[in-house]
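The next block holds one structure in the form of structure tokens; read it before the comments.
The values are calculated or read from the model by the stated rules, or taken from the named source; none is laboratory data. No experiment lies behind these values; they were computed from the predicted model shown. Quick reminder, even Gly has a Cβ in these numbers, built from the backbone with ideal geometry, and neighbours come from all protein chains shown. Areas reflect the complete protein model, heavy atoms only, side chains present, ligands, DNA and RNA absent. Shrake-Rupley method; radii C 1.70, N 1.55, O 1.52, S 1.80 Å.
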Amino acid sequence: MTRNETVETGAGIARITWHRTKQQPELVLALGHGAGGGIEARDLVALAGVLPAQGVSVALVEQPWRVAGKKVAPAPRTLDEGWRGIWPALAAPGVPVVAGGRSAGARVACRTARELGAAAVLALSFPLHPPGRPEKSRAEELLGARVPTLVVQGGNDPFGKPEEFPAGPYELVEVPYGDHGFAAPKRAALGQDEALRIITDAVVKWVTGLG
């Protein structure tokens with residue numbers, strides 16, 4: 001079951017596309033998009049297609065800047081404000097909410113997890129640093145989530161390869177050959193469908209083990 005919901009936030013109007021489980025949900029997984037794309041990202045679509053059958057409702061969240069048709073994402077504090085504004089709608093089903101997202105959306109989820117009472121964080125393609133700038137680390141955001149956290153990272157992500165991540169209280173799953181969008185090169189031994197299956201299988205295993 002898919003339903004759209006608009007929510008007024010301090011940063012403008014956000015939109016939630018709900019992919020609901022047919023039964024009473026055990027969890028809500030909220031997923032924000034990155035700074036360079038929307039909720040049509042292949043990993044977000046794949047998770048929204050798989051998790052409802054596992055008793056998890058998925059909420060794909062479009063930040064106000066994206067709903068307004070702007071091309072450039074605002075400052076992190078504005079993204080956090082938009083995310084805070086949609087949280088009551090995410091919590092409305094009355095079950096634990098896992099905060100998540102890809103790239104910039106993963107950063108937002110990490111920065112606000114404790115404040116909002118997220119049950120856990122799913123960080124897809126966490127941008128550990130700008131490409132070619134490993135000294136500009138954002139590891140503090142990831143390590144500061146302080147809730148159960150799963151990172152799913154492409155093996156060739158220019159924003160941070162799995163081996164670049166510091167030790168910490170989180171799980172990390174690698175998608176071999178994947179870039180920042182989890183695209184698998186044609187020359188790779190791993191096909192695109194298989195790459196997405198690694199993501200969905202890892203997330204299903206993780207969320208069903210929470211609590």
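What to note about this one:
- Here is how the number arises for the chain: DSSP H runs of 4 or more residues each give -39500 (n - 2.57), the sum is divided by the residue count, and the result at 222 nm is -9000 deg cm²/dmol.
- Whole-percent pair-distance distribution, where bins are 5 Å wide, for the alpha carbons of region 32-155: 2, 11, 21, 25, 22, 13, 4, 1, 0
- Calculated FRET efficiency for the pair residue 133/residue 205, C-beta based, R₀ 45 Å, to 0.05: 0.85
- From phi via Karplus (6.51, -1.76, 1.60), per-residue ³J(HN,Hα) for region 73-83 in Hz, x at Gly/Pro: 6, x, 5, x, 5, 6, 4, 5, 5, x, 5
- Residue 72 accessible area, assembled protein chains, probe 1.4 Å, Å²: 110
- Candidates 99, 109, 41, ranked by Gaussian network fluctuation over the chain, Cα under 10 Å, top entry: 41
- Cross-linked pairs 71/136; 161/186; 22/205; 71/186; 22/161; 70/205: Cα-Cα separations exceed 31 Å for 22/161; 70/205.
- For region 86-211: rounded, prolate or oblate by the Cα gyration tensor [a/c cutoff 1.5]: oblate
- Taking every DSSP beta bridge that has both ends in the chain, the antiparallel portion is near 35%.
- Prolate is the label for region 169-211, because the ratio a/c of its alpha-carbon gyration tensor axes (a ≥ b ≥ c) is 1.5 or higher and a/b is greater than b/c.
- Two-site FRET efficiency, residue 171 against residue 77, from Cβ-Cβ distance with R₀ of 25 Å, rounded to 0.05: 0.30
- Accessible heavy-atom area order of 43, 179, highest first, probe of 1.4 Å: 179, 43
- FRET efficiency for residue 140 and residue 45, using Cβ-Cβ distance with R0 set to 35 Å, rounded to 0.05: 0.70
- Virtual spin-label span in nm between residue 183 and residue 91, 7 Å along Cα→Cβ: 3.9
- The distance between label points at residue 13 and residue 194 comes to 4.5 nm (points 7 Å beyond Cα on the Cα→Cβ vector).
- The order of the peptides 160-166, 50-56 by mean Cβ neighbours within 10 Å, most packed first, is 50-56, 160-166.
- For the set 171, 141, the ranking by accessible area, highest first and with no ligand, DNA or RNA atoms included, is 171, 141 under a 1.4 Å probe.
- For residue 159, the solvent-accessible surface computed with a 1.4 Å probe is close to 60 Å², ligands and nucleic acids excluded.
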